[in-house]
Amino acid sequence: MNTPVLSAQDIRKSYGRGANRFDALKGVTLDVHSGESVAIVGKSGSGKSTLMHLLALLDNPDSGTLSVNGTDATSLSHSQLNRLRNADFGFVFQQFFLTPNASVLDNVTLPLRIAGMGARERKTRGMAVLEQLELADKAKNRATNLSGGQKQRAVIARALVNNPAVIFADEPTGNLDSVTGGIVEDILFSLNKEKGITLVLVTHDLDLAARCDRQLFLHDGLEEPGLEQSGAGTRPVSVSAPASAPVAAPASPPVHAPTPGTPTRRGRHAGTEQGGAE
Amino acid sequence: MRFVDILGAAVSNSFRSKLRTSLTVIAVFIGAFTLTITSAIGTGVNEYITTQVASMGAADVLTVTKQGDQTKNIDAGPAKYDPAKASLSGGFGPGGQAPPGVSFSALTLKDIDTIGATPGILDANPLTQVSPNYIEYNGRGKFELTVDPAAALTTPDLVAGEPFSESGDANEILLPGSYLENLGLGKADAAVGKTVTLGITTYTGEQREVTATVAGVKNESLFSNGVGLSQPLTDALSAIQNQGKPSNTVEGFFAATAHIDANSTQEQIDVIKADLDAQGFKAQTVADQLGTFETVINGIVGVLNAFAVIALIAAGFGIINTLLMSVQERTREIGLMKAMGMSGGKIYALFSMEAIFIGFLGSAIGAVVAIALGSVISNALSNTVLSGLPGLHIMQFAPASIAVIIGIVMLIAFLAGTLPARRAARQNPIDALRYE
């Protein structure tokens, strides 16, 4: 097997100190290969977003090694890191993070502007990617005037505009209704299949996770092995959990077992995380 | 990110919160406006003085006075009486007397010779004050006149005619423009070459008349006020004025003028001045005399500028506040840009540029408004209150000093922007993206 695009070996990360110390990740190992789609699944607080941020090199782990195409992330200089984030990674956020008063085109071409590309080429590439996501007619609109689905498509356009190798998507459908969410999912997976873009998805939605090639289930900062694919509800307790970590109470399972046919896309905390774009 | 894009982003970001930006711009505007006005006054007044100095034209002339009583230490008590010392009775002042309570030390003819003998001095002449009673043209009425004592030494600012002829043996007179109408001389050009009559009283009280030709018509200025008389005319009038004067009176002069080589360096002039100083005389060049004046003007302008700078510093805090709020509001956007590979340095540049732009906007508007308003006020003043000083434009806007002001304001704005910009540049993309 060739070198993984992204590799995390036994990474740990904690926030705060003393009594407020919170261990977000307690030793997680994950390899992501080129062209794969990987879902990081877990409920809120499980450390899934932290893991994604670390994989995207937006943050440094407390311990463990991260490597990109076999290169240790700590050996990368600031400018190499910035180049990597700018050119090789694309981000899709649940809260969109669109600049409200700028036009859709300006929002989408932000990575190109950061890369230092000229205005004319920016426009050509921006319009091409908007065309691809059927948003070309909205190019001049303000980002605030878009519907939720349009906003998320604009965000995907922004992630795509640099022809990235990897797209990181943090709850990409969390703020969308099921129909719109389905469309956004289809776009992401078709990019993965047709263009070979590696997809790293963070979600608590098992239906969405099930569409990925691989799933990594996280619970309290640790991987839960055994709960493979769309596992049939047999949820073994984490064997690698240290003695001090209490076994999850049966009343609150770490993940919902998916019930076929039931849309579970709308998350419990989706409402509280809404309204990100303003 | 390219410079143009940073500039564009900074400009559009500044206008995102229009009210807040405009309030900050107003604060900067006030400072820049004040600074532009005060510096324009400084330029205007100093330029006027410089023109006047140039009209004195005499870098080769020293005004020499007697050192002594005026500068004497109060604790030293009265000086010993010297019968040979000139009093200022006769030859000086209309009544031949110094004002009560003021004691002048006058120069005697012997002093003039001493000054003339000083190395480096080409010649020395007493500064004679004559007091004609009236001036008349062609029997059209007698008018009082003021004589400009320095006229023989200066290069006058002429409206028409010529300066005194070089040969210097003709009775010539330079009239201020304001005299023409009353005397019935008509326009400036027409007055040149006409003959006027001056009336003067002898020491014994008889009135005599002397005729003189109008050589030219001049602008009145700070240092050359009144009618200018050529040296022969002054001598003639002086002779009449002193007719019948008792011969035992010691003749005294308030001051003497000494010519030096026009190519003298400052060091050579300093040597001559020191030499005269050692002999008990105080010598000043025109520049020395006017330097004092300029120092005062510069002092006043400096104080006004200090107030303007204080206003600008206050405006600087306004910029800090505006940008801090802006950084706070745009935390997420900053996080996003960093996540997309924008370096901290570029973020810093973006926010600094925004501060500089606010500074530029405020200072440019301030300067433009100051120029517009100042020119109108300056013109209005020179036509009314300051009409007595032709050539004085109280405010003059020098492009260089306006550029410097805009530059300074932009620098202050940049300095004010460093704190918020640093805060923005240091943000961690993750914390910024999580920020609610």
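Scanning segment A:81-106 for residues that are at the interface with chain B (Cβ under 10 Å from one of its Cβ atoms) and either without any contact (Cβ under 8 Å) to a residue 60 or more places away in the chain or closer than 16 Å to B:K346 by Cβ (or both) turns up A:L81, A:N82, A:R83, A:L84, A:R85, A:N86, A:A87, A:T99, A:N101, A:A102, A:D106. For A:R113, state whether it is at the interface with chain B (Cβ under 7 Å from one of its Cβ atoms) and either buried (at least 20 other Cβ atoms within 10 Å of the Cβ) or polar (S, T, N, Q) (or both). Here the answer is yes, as A:R113 does meet what is asked.
Considering B:V296, B:V303, B:V309, B:V327, the condition of being away from every other protein chain (no Cβ under 14 Å) and either under 28 Å from A:D170 (Cα atoms) or not in a helix (DSSP H, G or I) (or both) is satisfied by B:V327 alone.
Does A:L135 meet the test of being hydrophobic (A, V, I, L, M, F, W, C), without any contact (Cβ under 8 Å) to a residue 40 or more places away in the chain, open to solvent by less than 10 Å² (accessible area, probe 1.4 Å) and within 19 Å of A:K195 (Cα to Cα)?
No: the conditions fail for A:L135.
What about B:F92, is it of a type in the set (F, W, Y), buried (at least 20 other Cβ atoms within 10 Å of the Cβ), modelled with pLDDT of 65 or more and more than 30 Å from A:S103 (Cβ to Cβ)? Judged against the criteria, B:F92 is not a match.
Only one entry of B:T51, B:T34 meets the criterion of being within 20 Å of the chain's Cα centre (by Cα), modelled with pLDDT of 85 or more and open to solvent by 10 Å² or more (accessible area, probe 1.4 Å), and that entry is B:T34. Beta carbons closer than 7 Å, at least 6 apart along the sequence or on distinct chains, pair a first residue in segment B:328-340 that is without any contact (Cβ under 8 Å) to a residue 40 or more places away in the chain with a second that is assigned to a helix (DSSP H, G or I) for B:M337/A:I114; B:M337/B:I347; B:M340/A:R85; B:M340/A:N86; B:M340/A:L110; B:M340/A:P111; B:M340/A:I114. Summed over segment B:330-350, the residues that are away from chain A (no Cβ under 11 Å) and basic (K, R) give a count of 0. If you go through segment A:30-49 one residue at a time, do you hit one that is among the basic types (K, R), open to solvent by less than 50 Å² (accessible area, probe 1.4 Å) and within 27 Å of B:S343 (Cβ to Cβ)? Checking segment A:30-49: not a single residue is among the basic types (K, R), open to solvent by less than 50 Å² (accessible area, probe 1.4 Å) and within 27 Å of B:S343 (Cβ to Cβ).
Number of residues in segment B:185-208 that are among the acidic types (D, E) and either surrounded by 13 or more Cβ atoms within 10 Å (Cβ to Cβ) or under 34 Å from the mean Cα position of the chain (by Cα) (or both): the value is 1.
Can A:L55 be described as in contact with a strand residue (DSSP E or B) (Cβ under 6 Å, 6 or more places away or on another chain) and either within 13 Å of chain B (Cβ to nearest Cβ) or closer than 16 Å to A:I167 by Cα (or both)? Answer is yes for this residue. Can you spot a residue in segment B:237-248 that is at pLDDT below 80 and open to solvent by less than 10 Å² (accessible area, probe 1.4 Å)? The answer is no; no qualifying residue exists.
All of (1) surrounded by 24 or more Cβ atoms within 10 Å (Cβ to Cβ); (2) more than 14 Å from chain B (Cβ to nearest Cβ); (3) farther than 24 Å from A:E194 by Cα hold for A:P172 with one exception: (3).
The values are calculated or read from the model by the stated rules, or taken from the named source; none is laboratory data. Quick caveat, the model's predicted, so the values are computed rather than measured. Quick reminder, even Gly has a Cβ in these numbers, built from the backbone with ideal geometry, and neighbours come from all protein chains shown. Only protein heavy atoms, including side chains, enter the accessible area calculation; ligands, DNA and RNA are left aside. Shrake-Rupley method; radii C 1.70, N 1.55, O 1.52, S 1.80 Å.
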